[in-house]
Amino acid sequence: MKSKSVVTVIFRILIMTLLFAAQIFVANILPNPFNKINIVMLTMMSVLIFAISDKFFPYLFGLSLLTELFHVTPFGFITASLLIAMFALEWLLVNVLTNRFFMIVFIAGIIGVIAYRLVFIILMYLWRVIADGSFDLNTGALIGFGMEAVINATALTVIYSTASIFVKKLNPRYVIKDY
């Protein structure tokens with residue numbers, strides 16, 4: 001292995017560790033509703049929107065496995081939900097939501113979080129029905145999921161808006177020429 005690739009791997013592991021620490025900080029320190037920001041999902045949705053590439057999925061897998069350690073849900077449900085939601089969002093961004101306008105980014109954020117929570121609810125439903133035959137999903141949880149979707153989509157839109165100022169690729173004004 002070349003030393004450049006070793007440095008790249010170490011750098012990526014450091015970034016993943018920092019993102020994981022940020023996720024723990026946000027979830028445990030920030031007040032409600034800001035503690036609903038999912039740093040891991042937000043990062044992955046940002047990567048999908050900025051540069052559609054499936055090269056980040058191994059990092060998503062690693063980060064989601066780390067976050068599994070701090071949840072009381074059965075191991076693997078968060079990882080499976082996040083991977084399925086991000087694959088679905090990648091397909092939508094490539095085939096349907098091809099424009100990168102602010103509203104499209106917001107809608108993509110909403111769809112990403114709703115897909116994540118929908119897959120998670122289905123997995124929990126199957127788990128609870130198999131385990132003890134009962135499943136209780138109250139309206140408070142659904143309202144919380146809706147708040148999570150809006151907050152994360154808003155954060156994604158703010159990240160995109162800020163990045164579009166600095167990243168020429170994201171700013172459509174550089175294409176327009178004065179005639």
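Determine whether Phe61 is part of a helix (DSSP H, G or I) and closer than 22 Å to Tyr160 by Cα.
On the way: part of a helix (DSSP H, G or I): yes; closer than 22 Å to Tyr160 by Cα: no.
Considered against the rule, which asks whether it is part of a helix (DSSP H, G or I) and closer than 22 Å to Tyr160 by Cα, Phe61 comes out as no.
Please tell me if Phe101 is in contact with an Asp or Glu (Cβ under 9 Å, 6 or more places away or on another chain) and closer than 14 Å to Ser46 by Cα.
On the way: in contact with an Asp or Glu (Cβ under 9 Å, 6 or more places away or on another chain): no; closer than 14 Å to Ser46 by Cα: yes.
Here the answer is no, as Phe101 does not meet what is asked.
Tell me which residues, restricted to the stretch 130-154, are surrounded by 12 or more Cβ atoms within 10 Å (Cβ to Cβ) and out of contact with any Gly (no Cβ under 8 Å at 6 or more places or on another chain).
Phe135, Leu137, Ala141, Leu142, Gly144, Phe145, Gly146, Met147, Glu148, Val150, Ile151
Considering only the stretch 90-104, I want to know if a residue exists there that is within 13 Å of the chain's Cα centre (by Cα) and over 15 Å from Tyr160 (Cβ atoms).
yes
Taking only the stretch 1-34 into account, find how many residues are of a type outside the set (Phe, Trp, Tyr), over 20 Å from Ala85 (Cβ atoms) and assigned to a helix (DSSP H, G or I). Please lay out each step first, then the result.
Let us first name the residues in the stretch 1-34 that are of a type outside the set (Phe, Trp, Tyr), namely 1-10, 12-19, 21-24, 26-33.
Remaining after also requiring over 20 Å from Ala85 (Cβ atoms): 1-10, 12-15, 17-18, 21, 24, 28-33.
Adding the requirement that they be assigned to a helix (DSSP H, G or I) leaves 3-10, 12-15, 17-18, 21, 24, 28-29.
Qualifying residue count for the region: 18.
So which pairs qualify, if the first residue must be in the stretch 11-27 and without any contact (Cβ under 8 Å) to a residue 24 or more places away in the chain, the second must be part of a helix (DSSP H, G or I) and charged (D, E, K, R), the Cβ gap must be under 9 Å, and the two must be at least 6 apart or on different chains?
Val26/Lys36
Of the conditions (1) free of Cβ contacts under 8 Å to residues at least 60 places away in the same chain; (2) under 13 Å from the mean Cα position of the chain (by Cα); (3) buried (at least 20 other Cβ atoms within 10 Å of the Cβ), Asn38 satisfies every one except a single condition; which number is it?
With respect to (1) free of Cβ contacts under 8 Å to residues at least 60 places away in the same chain; (2) under 13 Å from the mean Cα position of the chain (by Cα); (3) buried (at least 20 other Cβ atoms within 10 Å of the Cβ), Asn38 is out only on (1).
Collect the residues in the stretch 58-116 that are in contact with a Leu (Cβ under 7 Å, 6 or more places away or on another chain) and among the charged types (D, E, K, R), keeping them in residue-number order.
The answer is Glu90, Arg100.
With respect to Phe87, is the statement that it is over 14 Å from the mean Cα position of the chain (by Cα), at pLDDT 85 or above and either of a type in the set (Phe, Trp, Tyr) or more than 15 Å from Leu42 (Cβ to Cβ) (or both) true? Before you say what the answer is, go through the steps one by one.
Details: over 14 Å from the mean Cα position of the chain (by Cα): no; at pLDDT 85 or above: yes; either of a type in the set (Phe, Trp, Tyr) or more than 15 Å from Leu42 (Cβ to Cβ) (or both): yes.
So Phe87 does not fit the description; no.
Can you tell me which residue is surrounded by the fewest Cβ atoms within 10 Å (Cβ to Cβ) among those in the stretch 64-83 that are assigned to a loop (DSSP other than H, G, I, E, B) and at pLDDT 85 or above?
Phe75
The values are calculated or read from the model by the stated rules, or taken from the named source; none is laboratory data. Just so it is clear, the structure is predicted and the values come from calculations on it, not from any experiment. Heads up, the Cβs are rebuilt from the backbone with ideal geometry, glycines too, and the neighbour counts pull from every protein chain shown.
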